[in-house]
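Novice: Have a look at this one.
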Amino acid sequence: MKSREHILIIGAGLCGSLLALRLAQHDYKITLIEKRADLRKADISAGRSINLAFSDRGMKGIKLVGLEKSVQGLCIPMYGRMLHDQQGEMQLSKYSGREGEYINSISRSGLNALLLDAVEKHDNVEIHFNQSCTDVNLEKTSATFEDSENQAQRSFNADYIFGTDGAGSVVRKEMQNQKNFLFSHSQNFLTHGYKELSFPPSESGEYATEKGALHIWPRGENMLIALPNLDKSFTVTLFLAYEGGKYNFNNLNNPEIVEEYFKSIYPDAYKLMPELKTEFFENPTAPLGTVKCSPWTFKNALIMGDAAHAIVPFYGQGMNASFEDVFEFDKILVENNFDVSKSFKVFSETRKPDADAIADLALDNFHEMKSHTAQDIFLQKRKIELALEKEFPKQYSSKYSLVTFEEQISYKTAMDRGRGQDKAILGLLKNNKLHDKQSLKEQLELIRNVTQQILEGDVILEH
Ligand SMILES: Cc1cc2nc3c(=O)[nH]c(=O)nc-3n(C[C@H](O)[C@H](O)[C@H](O)COP(=O)(O)OP(=O)(O)OC[C@H]3O[C@@H](n4cnc5c(N)ncnc54)[C@H](O)[C@@H]3O)c2cc1C
């Protein structure tokens, strides 16, 4: 039987806002509290990724709350990776050989604002901004907040607490502080950080480069990427090591060396960045890391989204995974007759392998994007996979497609099958066993057989 218990959601970012909306639709009483100002009224984008790759798993969560039409209005389709070499040549590598499979560039603040507008329409929701959670009492299901304007302290009690307060979650830290609670936790930083820059629209007011692609400048250890925005600018992100190599974040410390770096390593991108030197020194450099922990629930609290599983951004799946969390939690809640306590436990147990899988896949993709995308063998593999997806749309999906477009299978299944296929194709290419004289059907059979052997081999090893 559906209840109307009181739920406190800490953090009104992407995950917290979608969750609040779904639980409000189920008639729970919701208090949603956010540390920062209301992003619909203040410009608070600095330091956060301005746009994001949004794809089918994220759309599942959006469809659940009935907002797909409004969200589509914010999307710019990206059909593939546009690879830029050091001579300025471009080559499009499509995301899928099937028609109609693409990802989207979406504005973080636009999407968050749309969700908050939808949340606010519900009478059973209260939203508070500028309230930073400073303490959580997990025994009493209460939390204390400090007002960022006048430092006043305020406490809230509820029947349940959700921590959707992002990678640095206060709720997760409180779980870590519990005695007699076997809470496993790891946080691993990359040696690379990121900095956001931009391409403004061209002089004629158009996009400065091809709009329908995610642009990548792979340079071995480091890379630049760019995603389009609705205002015809691009948000450009530099992923660079903090130290080591000729250029790094620590030694790019004056305008001359920044100019030298971009002119020599990213010459075509450099020409599109008139504000490079200003932006480079005004915009923050931020670290990238992976958080894994378990269980995600203690007493009447649950962590979700980045609070439970922050990942590096190289699969473009962090937000998508957080939205899929809401979808999965909702399914479990309904299946368990709206028993929130039971749903916390089931969700924590069943969702964890998928969160681990996408965390690992995102790290794999870091290496693939910055260097493999430019290597011959990976280009050959991509060519074969696109041809197979086109010719046999129902029988073959690359690892990328399994993760990004096959939202009906879990991240764990996508990872296992996708890794097996990758291993099979790369091994066959290295040993000259895949070649032009074979028909595509023969290639498909060969890849499937070897993949199957690899997967069965893994099964034997696991037992
Ligand atoms: C550079 C970069 C690029 C990315 N690109 C992509 C992409 O292309 N596609 C994709 O799917 N994902 C991407 N991600 C990941 C994505 O940003 C996150 O997975 C997503 O934002 C997670 O949503 P969340 O609501 O769990 O956390 P957050 O978005 O971090 O939201 C947490 C909210 O909690 C609030 N909060 C924090 N602490 C407190 C507190 N103490 N009290 C109250 N409120 C608090 C914060 O202010 C924030 O509003 C990227 C991430 C980065 C860093």
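The values are calculated or read from the model by the stated rules, or taken from the named source; none is laboratory data. If you're wondering where the values come from, they're calculated on a predicted model, not measured in any experiment. When we count neighbours, we look across all protein chains shown, and the Cβ atoms used for this are built from the backbone with ideal geometry, even at glycine. The accessibility values were calculated without ligands, DNA or RNA, using every heavy atom of the protein model including side chains. Shrake-Rupley method; radii C 1.70, N 1.55, O 1.52, S 1.80 Å.
Novice: How do the helices (runs of 4 or more DSSP H) wholly within the range 353-462 filter down when requiring 1 or more residues that are of a type in the set (Asp, Glu) and open to solvent by less than 40 Å² (accessible area, probe 1.4 Å): which remain?
Specialist: Where helices (runs of 4 or more DSSP H) fall fully within the range 353-462 and carry at least 1 residues being of a type in the set (Asp, Glu) and open to solvent by less than 40 Å² (accessible area, probe 1.4 Å), they are 376-391, 411-430.
Novice: Something else: Just to be sure before I move on: is Gly166 small (Gly, Ala, Ser), open to solvent by less than 40 Å² (accessible area, probe 1.4 Å) and touching a helix residue (DSSP H, G or I) at 6+ places or on another chain (Cβ under 6 Å) in the structure I sent?
Specialist: yes
Novice: Out of the range 282-311, which residues are within 21 Å of Lys399 (Cβ to Cβ) and near the ligand (Cβ under 8 Å from one of its atoms)?
Specialist: Passing the criteria: only Ile311.
Novice: Just the residues that are part of a strand (DSSP E or B) and farther than 21 Å from Asn130 by Cβ, please, taken from the range 8-35.
Specialist: Within the range 8-35, just Lys29 meets the criteria.
Novice: If Leu214 passes every condition in (1) in contact (Cβ under 8 Å) with a residue 60 or more places away in the chain; (2) within 16 Å of the ligand (Cβ to nearest atom); (3) in contact with a Phe, Trp or Tyr (Cβ under 8 Å, 6 or more places away or on another chain) but one, which one does it miss?
Specialist: Leu214 satisfies all of (1) in contact (Cβ under 8 Å) with a residue 60 or more places away in the chain; (2) within 16 Å of the ligand (Cβ to nearest atom); (3) in contact with a Phe, Trp or Tyr (Cβ under 8 Å, 6 or more places away or on another chain) except (3).
Novice: Considering Leu19, Leu52, which residue is open to solvent by less than 10 Å² (accessible area, probe 1.4 Å) and of a type in the set (A, V, I, L, M)?
Specialist: Unique residue meeting the criteria: Leu19.
Novice: So which pairs qualify, if the first residue must be in the range 246-262 and touching a residue at least 40 places away in the same chain (Cβ under 8 Å), the second must be in a loop (DSSP other than H, G, I, E, B) and surrounded by 13 or more Cβ atoms within 10 Å (Cβ to Cβ), the Cβ gap must be under 7 Å, and the two must be at least 6 apart or on different chains?
Specialist: Phe249/Tyr242
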